[in-house]
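Enquirer: Below is a structure I'd like to ask you about.
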Protein chains: 2
Amino acid sequence: MKTRRSTRLVDMTYYLLQHPRRLVSLTFFAERYQSAKSSISEDLVIIKQTFEQQGVGTLQTIPGAAGGVKYIPYMNSIEADALIEELCRQLANPERLLPGGYLYMTDLLSNPRYINGAGRLFASLFAGQQVDAVMTVATKGIPLAYAVANYLDVPVVIARKDSRVTEGPTVSINYVSGSSKRIQTMTLAKRSIPEGANVLIVDDFMKAGGTIQGMISMLEEFQANVIGIGVLVEADHIEERLIEDYVSFIRLSEVNTRDKVIEVVKGNYALPEFKEEMVSEEEIKL
Amino acid sequence: MKTRRSTRLVDMTYYLLQHPRRLVSLTFFAERYQSAKSSISEDLVIIKQTFEQQGVGTLQTIPGAAGGVKYIPYMNSIEADALIEELCRQLANPERLLPGGYLYMTDLLSNPRYINGAGRLFASLFAGQQVDAVMTVATKGIPLAYAVANYLDVPVVIARKDSRVTEGPTVSINYVSGSSKRIQTMTLAKRSIPEGANVLIVDDFMKAGGTIQGMISMLEEFQANVIGIGVLVEADHIEERLIEDYVSFIRLSEVNTRDKVIEVVKGNYALPEFKEEMVSEEEIKL
């Protein structure tokens, strides 16, 4: 039985959101709804216009027999700024202060309401790059890295500070933690990144950047490319920053344990208005 | 300007999917689209019927001034079985064999295409329970646990095998790994679970169940309740299983390293047809 337009619009929106960045053929939708391809095309125009109008992404249409449509997620700058302001407000709570000037952030890093949004924002910022994998180091940044990977539809690669038997052969590197100057080890399964892959590094917190430098060294061992670096929170007033080119959502400008004051400001991210041209060329040529 | 129904249907579907299990008031939608509440109600009926027809969830409507609508995600059994069959097929590849009869699963556990689906399936199976948090132990199960938490709109709680300064005071317990009989330590930040919380335990792999037994002991320390246990893969032919009541998606029935044979079958999960009554009472009374 032919499906009504209203039902199709709801189900197509659902289907596309469940499969970000995946090519769906018009034939698939035509058969799913027992409808003509011309009707499906009209539906897709409505969905595309709605997404673009709301700034939540676009649909890419790829012509030809092997063609179809792809949903590219995006976040508009109003939603992005509201999310980051809310995170800043939460982080500035003096109850988060821990000995040594650390902040308790685990609750924010494990709350889908924030992490899902932050993941979509990172995916928006790197929408124009050809990303093959998202990399992080265990443990706290994993939900965030997974959320980014989900919106980019690529695997998440997790380096660890121990090595486990169930991962097969691994590569280990040593790196120097930028702030404590201690030598640390990082391990990654050999099978996890193919040579030449373009990798987006994501982490929850960056001080001097030693851990991220470690991930960069690891990627060199795999002959993979660093396509970008994104951190949720960066500490300010760092004497010697090891990493220059990165995106941050939040900057911790002051942590005063004695007076119990935390000062938090927006990081260096800048979200341009979404344009279809921003999506990488490789995507369009598929 | 008043928004057209077709545009409203697409954007409302998008909005509800981005906010699973969260109460959205009719006033919010009416203002967003400059439309009458009666029109919004009609839209919601279409969305609800479409979701239920496709078996991907439902909308709960809560009447009254503080009322609104909630999207409850679900997965139908056809989609669930297709996902599990695909995972079984992938797992049976003899190239996954590692020394000691272990299987390389990291690629599957870090691929959003599988993990997102498995997360939605766990969330469907526990849709009728009042879940306050999803718990796992670092590292490999974290993306899966986060995906479940995302669909249930609750935080994910991550126990670790080390303790880090940035988490504040922690609780540690010792537990015996069921298969290797070694004593291990598990640590969890004190702030992470409130007393009396209902916790769903999720892990990627279960052999005898020692690690899950450790999580149960940990939850006792927090005076929290185990509301359910879900594992992606369970090993079969276990002499002494420590855990009886659990849900598994996949059962590893044989791993023969010498002949390079892996036998994999569907686990013990059983997904009933979705009924609105299955959603927990607390949700409806909100």
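Enquirer: Pull up the cross-link candidates among the aspartates and glutamates for A:Lys2, meaning alpha carbon to alpha carbon under 19 Å and not fewer than 8 places away within one chain.
Expert: A:Asp11, A:Glu31, A:Glu42, A:Asp43, B:Glu52
Enquirer: Please label the shape of the stretch A:66-190 as rounded, prolate or oblate, based on the square roots a ≥ b ≥ c of the eigenvalues of the alpha-carbon gyration tensor (a/c under 1.5 means rounded; beyond that, a/b larger than b/c means prolate, else oblate).
Expert: Oblate shape, in that a/c is at least 1.5 and b/c is the bigger or equal ratio.
Enquirer: Quote the total accessible area buried by chains B and A together, excluding ligands, DNA and RNA, probe 1.4 Å, nearest 100 Å².
Expert: The B and A chains share an interface burying roughly 5300 Å².
Enquirer: Same structure, new question: Counting partner chain Cβ atoms within 10 Å of every residue's Cβ in B:145-152, what's the average?
Expert: Taking all residues of B:145-152 together, the mean is 5.
Enquirer: Let me ask something additional. By the scheme Lys and Arg +1, Asp and Glu -1, what is the net charge of all other residues having a beta-carbon under 12 Å from that of A:Val134?
Expert: -3
Enquirer: Could you pull the copy-to-copy label distances for B:Thr166, with points set 7 Å along Cα to Cβ, in nm to one decimal and sorted shortest first?
Expert: Inter-copy label distances (nm, one decimal, shortest first): 2.5.
Enquirer: Shifting gears a bit: Relative to the longest principal axis of chain A, what angle (0 to 90°, nearest 10) does the C-alpha long axis of helix A:5-18 take?
Expert: 30 degrees
Enquirer: I'd like to compare A:264-270, B:206-212, A:215-221, A:31-37: which one has the highest average count of other Cβ atoms within 10 Å, and what's the full order after that?
Expert: Packing proxy ranking, top to bottom: B:206-212, A:215-221, A:264-270, A:31-37.
Enquirer: Quick one: if you stick a label point 7 Å off each Cα along the C-beta vector at B:Ile183 and B:Glu263, how many nm between them?
Expert: 3.9 nm
Enquirer: At B:Pro94, label 7 Å along Cα→Cβ: distances to the other copies, nm, ascending?
Expert: Those label-point separations list as 6.7 nm.
Enquirer: Using θ = phi - 60° and the Karplus form 6.51 cos²θ - 1.76 cosθ + 1.60, what ³J(HN,Hα) does each residue of the stretch A:133-149 get, whole Hz, x for Gly and Pro?
Expert: 7, 10, 10, 8, 10, 4, 10, 6, x, 4, x, 5, 4, 5, 4, 4, 4
Enquirer: First check a/c for the stretch A:158-270, with a ≥ b ≥ c the square roots of the eigenvalues of its C-alpha gyration tensor; if it is under 1.5, answer rounded, and if not, answer prolate when a/b is larger than b/c or oblate otherwise.
Expert: Working: a/c = 2.50, a/b = 1.77, b/c = 1.41.
Prolate is the answer for the stretch A:158-270, as a/c is 1.5 or above and a/b outweighs b/c.
Enquirer: Carbon-plus-sulfur fraction of the accessible area of the protein assembly as shown, 1.4 Å probe, in percent? Don't skip to the answer; put the middle values down first.
Expert: Details: 11770 of 24270 Å².
Carbon and sulfur together cover 49 percent of it.
Enquirer: Provide an ascending nm list, one decimal, of label-point separations from A:Ser177 to the equivalent residue in each further copy; define each label point as 7 Å from Cα along Cα→Cβ.
Expert: Those separations, rounded to one decimal, come out as 2.4 nm.
Enquirer: Could I ask something else about it? Lys and Arg at +1, Asp and Glu at -1: add these up for the other residues within a Cβ distance under 9 Å of B:Ser192 and post the number.
Expert: 0
Enquirer: In deg cm²/dmol, rounded to 500, what helix-only [θ] at 222 nm does the protein assembly as shown give when every DSSP H run of at least 4 residues adds -39500 (n - 2.57) and the total is split over its residues? Before the final figure, lay out the partial values.
Expert: Working: 18 runs with 202 residues, N = 572.
The per-residue figure over the protein assembly as shown is -11000 deg cm²/dmol.
Enquirer: Mind running the shape call on the protein assembly as shown? Use the C-alpha gyration tensor, a ≥ b ≥ c as the square roots of the eigenvalues: rounded below 1.5 for a/c, prolate if a/b tops b/c, oblate otherwise.
Expert: It comes out rounded by the Cα gyration axes.
Enquirer: May I pose another question? Within 9 Å, Cβ to Cβ, of B:Ser6, how many net charges do the neighbouring residues add up to if Lys/Arg are +1 and Asp/Glu are -1? Can you show the working numbers first?
Expert: Values: positive: A:Arg5, B:Arg4, B:Arg5, B:Arg8; negative: A:Asp43.
Combined, the nearby Lys, Arg, Asp and Glu give +3.
Enquirer: Also: Other chains near B:50-62: what is the mean number of their Cβ atoms within 10 Å of each residue's Cβ?
Expert: Mean partner-chain Cβ count within 10 Å for B:50-62: 2.
Enquirer: Next question. Please report the accessible area of A:Leu26 (heavy atoms, 1.4 Å probe, ligands and nucleic acids excluded) in Å², nearest 10.
Expert: 40 Å²
Enquirer: Next question, about the same structure. At a probe radius of 1.4 Å, what is the per-residue accessible area of B:Phe28, in Å² to the nearest 10?
Expert: Approximately 70 Å² for this residue.
Enquirer: At 1.306 mPa s and 10 °C, plugging the Kirkwood radius over alpha-carbon pairs of chain A into Stokes-Einstein gives what diffusion coefficient in µm²/s?
Expert: Reported coefficient: 77 µm²/s.
Enquirer: Report, ordered by chain and residue number, the lysines lying within cross-link reach of B:Lys190, taken as a straight Cα distance under 25 Å and ignoring same-chain residues fewer than 8 apart.
Expert: B:Lys190 reaches A:Lys140, A:Lys161, A:Lys207, A:Lys260, B:Lys140, B:Lys161.
Enquirer: Additional query: Give the accessible area for B:His237 in Å² (nearest 10); use a 1.4 Å probe, count only protein heavy atoms, and leave out ligands, DNA and RNA.
Expert: 140 Å²
Enquirer: Looking only at other chains, what is the average number of their beta-carbon atoms within 10 angstrom of each beta-carbon in A:130-143? Don't jump to the answer; show the numbers that get you there.
Expert: On the way: counts 0, 0, 0, 1, 2, 0, 0, 1, 7, 11, 7, 1, 11, 10.
So the per-residue partner count for this stretch is 4.
Enquirer: Go ahead and run the numbers for FRET between A:Arg22 and A:His237, Cβ-Cβ distance against an R0 of 51 Å, rounding to 0.05.
Expert: Working: r = 43 Å, r/R0 = 0.85.
After rounding, the FRET efficiency stands at 0.75.
Enquirer: Rounded to whole Å and ordered largest first, report the semi-axes of the equivalent ellipsoid of the stretch B:106-173 derived from its Cα gyration tensor (root of 5λ). Spell out each step's value before the answer.
Expert: Details: eigenvalues 108, 53, 13 Å².
For the stretch B:106-173, the semi-axes come out at 23, 16, 8 Å.
Enquirer: I would also like to ask the following. How do A:49-57, B:228-236 rank on mean C-beta neighbours within 10 Å, highest first?
Expert: B:228-236, A:49-57
The values are calculated or read from the model by the stated rules, or taken from the named source; none is laboratory data. None of the values given here were measured: they were computed from a predicted structure. Methodologically, a virtual Cβ is constructed for each residue, glycine included, from the backbone with ideal geometry; neighbour enumeration extends over all protein chains shown. Protein only, heavy atoms only, side chains kept; ligands, DNA and RNA dropped before computing areas. Shrake-Rupley method; radii C 1.70, N 1.55, O 1.52, S 1.80 Å.
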